Every structure is written in C-alpha cells, then in structure tokens.
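Report on the structure given below.
Just so it is clear, none of the values below were taken in a lab; they were calculated from the coordinates. These numbers come from a predicted model, not from an experiment. Counting neighbours? That spans all protein chains shown, and the Cβs are built from the backbone with ideal geometry, glycine included.
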Amino acid sequence: MRMIEGRSMGSAMRWRRTACWLLLAASLLAPVLACARGPAAGPILVLGDSLSAEHNIPAGSGWVSLLERRLAQAGTAKHAVVNASISGETSAGALARLPALLAKHRPAVVVIELGGNDALRGLSPAQLRGNLEKMIVQAKGAGAKVLLLGIDVPPNYGPAYRDRLRKGYAELAQAHGAALVPFFLEGVALQPGLMQADGLHPTAAAQPRLLDNVWPALKPLL
C-alpha cells in the first residue's frame, strides 16, 4: 500500500512539473505566434480633405474607392476602407474628429491626407505640424499604423514656406515611424487633363495615378 501511495505521489509530482513546463512554454510562445498571425484585420481609415472626398467627380471614381477594388484584387479585402474625408477639412477639424473615429472603427491603418486647406488659410507650417503630430500619436496609441500623404503649395507662397511645409511631413514620419508619400499629387499637379479648372482638385482621370502614388507606401502596412 505504501509503495502504491509512493508511486502515486511521484506520478503527481512529475505531472505537476510537466504542467508547469507546458505553461511556461505556452507563455513564451504566445508573442511569437501572435506575430506569425500578422496584424489585426482592422479597416483602413482615410482622414483627408476634398482631394480624398471625390470633390466634383462622379461618386465611386475617387482614389479611395479605387483602393477598395485594388485590395480585393490583391487578396487583402479583409481590410475594409472607411473614408472619413470631408471637403474643406483642416488639420484642426480632423484632429477634433479623430478620437471618435478611432474608437468607432478601431483601424489597423490610418491614412492622413491633410494640409492643403491649412495652407490656403495661411496656417503656419509649425501649427500644421503640431496638429498632424497629435493625430499620429493618437492613431499609433490606438494600435494603428500611420501613412502620411504630403502636399505642396503653389510657388507664390514663397520658397521658405514651401520648404518648411515639405520638411514637416518628412520629419514627422521619421520621428514617429510613420510611412510617407512625400507628394500626394506627384505626376498630377499642373498636368493638363488631370486637374480641374480650379487648378486645385484632380479630375476623375487622375484618380488611378493618385492611388498608384499611395499604394507602394500603403501595401507594406497591410
């Protein structure tokens, strides 16, 4: 009887040791397995102005709408696209809206396309940079990756203003580990047939080019 009890106690001790090792191994492997599964399949939140809000072009022809189709073709349709862009939006307005958007949609990626209206209203590059930085910090704090779409202004703003504006996007991206498209309207601005009569907004024909400008920077985030 004593031998049986001794064997039972020994078996119990071995079982406990095995269970402890299994629990330890599971705790160590959990982060690795989480990384292997990849990022959460949250939506892509686009926070922009009229350049992303299909201003004066047919509904469904804007670059954000085209992005949804490309995601489906690329096999990454698990990422829905939420277009929270508003014509006339400023960095201050978007900053005020961002907390509610993050809480509602829990995006995996936040694309920030802002600055044009700030420049038109004479906002200093430092003020714009401050608003953008707060948005980046909030988005990353909510677990999202960030893509910044840089803008430029006409030469009549002066070289000093333009230089500070462009540097602001690049420095923010570097400081906060955000992806960057240096000039969102690359290959579109000033091109005949690709800009509307106001000289500020791309035509429907320009939208595929805009998406092509965004895609190389966005795809690695997915």
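Here the spin labels are modelled as points 7 Å beyond Cα on the Cα-Cβ line, and at Ala103 and Ser61 they lie 3.8 nm apart. The ellipsoid equivalent to the alpha-carbon distribution of region 138-221 has semi-axes of 25, 18, 9 angstrom, derived from the gyration tensor eigenvalues as √(5λ) and listed largest first. Simple rule: put +1 on each Lys or Arg Cβ and -1 on each Asp or Glu Cβ in region 65-199, find the dipole, and look at Ser65, Ala197, Leu120; the Cα lying farthest toward the positive end is Ser65.
Karplus-derived 3J(HN,Hα) values for region 159-167, using 6.51 cos²θ - 1.76 cosθ + 1.60 with θ = phi - 60°, are x, 5, 5, 4, 5, 5, 5, 5, 5 Hz; glycine and proline are entered as x.
Each residue of region 78-95 was assigned a 3J(HN,Hα) from its phi angle through the Karplus expression (A = 6.51, B = -1.76, C = 1.60, θ = phi - 60°), giving 4, 8, 5, 10, 10, 9, 9, 7, 9, 4, x, 5, 10, 5, 5, x, 5, 4 Hz with x at Gly and Pro. Here the ratio of the Cα radius of gyration of region 84-149 to 2.2 N^0.38 Å is 1.06. On the principal axes of its alpha carbon atoms, region 39-221 extends 44, 34, 24 Å, with the longest extent given first. Taking amide H as placed 1.01 Å from N in the peptide plane, His201 has its amide H under 5 Å from the amide H of Gln196, each at least 5 places away in sequence or on another chain. Kirkwood radius for region 157-200, taken over all pairs of different Cα atoms as the inverse mean of 1/r, rounds to 12.3 Å.
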